[in-house]
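**Student:** This structure is in structure tokens; I'll ask about it shortly.
The values are calculated or read from the model by the stated rules, or taken from the named source; none is laboratory data. The model shown is predicted, which means the values in this text are computed figures rather than measured ones. Using ideal geometry, Cβ is built from the backbone for each residue, glycine included, and neighbour counts are taken over all protein chains shown.
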Amino acid sequence: MSSRSATATLVALGVGAAGESATASARALPVRGELAGILPWGGLRRGSTVSVRGSTSLLLTLVAEATAEGCWAAVVGLPRCGALAAAELGVAVHRLAFVPRPGRDRGEVERTVAALLDGFDLVSVAAPVTPATARKLSARARHRKAVLLPFGIGWPGADVELRVASSRWTGLGEGHGLLTGRTVTVHASGRGSAARERTAVLSLPGVPAREGPTLHGLPAREQSWRTPEQARAGAGEQAWTGAAEQAWTGAGEQGWAGAAEQAWAGAGEPPRVGAGESPRGGAGESLRAERVLQAVPAEAG
């Protein structure tokens, strides 16, 4: 596909040429405040080349604010990068295009990226190219007023390079817990106004934390499951209790026996602590037995 025909296709899909969008006509595209402080233009200057190293999350965070403001972005050569991860980092995924495999040779990669620079505001490329091709693509980005974001590869003549120097995950305790976030230290260096290295600390979301089951009426400190065994026991107890109560409410006293059997089958065996014992103890067993006896018609006795 030629560059001209690819541009015509993008226009037909509603994607205008970079720099021509009325909603994204600013000279510098917006970024998160922490990143704005280390970029020499306070954002992503149109026509610039900003190299990103060390973190896909950093790359997606870099384009998030711009896509939220109406800009279009494309990611080339990252087959493991997905829309879900982008959405979690704040990217407007309906304005994000993925080209996981841009071509079989470097010439095809060059043509693909060149066509995207004609139609998108931000284009990230992770596929390796020759130094001569890198200079040609940077020149095309300047001409089309797009932002070129090489990722994870050397790029001669980049205006700014952002790299992750260190990172720290949070959320894990002593033998329990889930990863909930990541703090990274980002260094920015480059040429011209970016010659002086700057540093920022950036918080990135990690795997979303899953909340444990909540049993109403218990103190807050007792609702935090400390081990997987406690979590499974609590989840089973909650499932049995909720299903049995729903069956009791919906079926009424006359239909309790049949509804209880359905609830039992749907919720699974109630969690056991000891052989033949309910985790709620003797009081729970007596209450359940009392309800069943009350539901049995008098003549059945």
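**Student:** Looking at region 188-202 only, could you name the residues that are loosely packed, with under 14 Cβ neighbours inside 10 Å, in a strand (DSSP E or B) and either touching a Pro at 6+ places or on another chain (Cβ under 7 Å) or free of Cβ contacts under 8 Å to residues at least 60 places away in the same chain (or both)?
**Tutor:** none
**Student:** Applying the selection to region 72-102, what residues are β-branched (V, I, T) and under 15 Å from A115 (Cα atoms)?
**Tutor:** V75, V76, V99, listed by residue number.
**Student:** Take region 111-135 and flag every residue that is over 29 Å from the mean Cα position of the chain (by Cα) and among the charged types (D, E, K, R).
**Tutor:** R111, R135
**Student:** Keeping to region 147-187, report how many residues are touching a residue at least 60 places away in the same chain (Cβ under 8 Å) and aromatic (F, W, Y).
**Tutor:** Result for region 147-187: 2.
**Student:** Which of the residues spanning region 136-162 are within 27 Å of the chain's Cα centre (by Cα) and modelled with pLDDT of 95 or more? Full working, then the answer.
**Tutor:** Within region 136-162, the first condition is being within 27 Å of the chain's Cα centre (by Cα), and the residues that meet it are 146-154, 160-162.
Selection gives A146, V147, L148, L149, P150, F151, V160, E161, L162.
**Student:** Assess whether R144 counts as being charged (D, E, K, R), touching a strand residue (DSSP E or B) at 6+ places or on another chain (Cβ under 8 Å) and touching a residue at least 40 places away in the same chain (Cβ under 8 Å).
**Tutor:** Working: charged (D, E, K, R): yes; touching a strand residue (DSSP E or B) at 6+ places or on another chain (Cβ under 8 Å): no; touching a residue at least 40 places away in the same chain (Cβ under 8 Å): yes.
Judged against the criteria, R144 is not a match.
**Student:** Which condition number in (1) farther than 26 Å from A68 by Cα; (2) surrounded by 14 or more Cβ atoms within 10 Å (Cβ to Cβ); (3) not charged (D, E, K, R) is the one that S138 fails?
**Tutor:** (1)
**Student:** Considering only helices (runs of 4 or more DSSP H) fully contained in region 30-116, which possess at least 3 residues that are on the phi < 0 side of the Ramachandran plot, in contact with a strand residue (DSSP E or B) (Cβ under 7 Å, 6 or more places away or on another chain) and surrounded by 23 or more Cβ atoms within 10 Å (Cβ to Cβ)?
**Tutor:** 56-68
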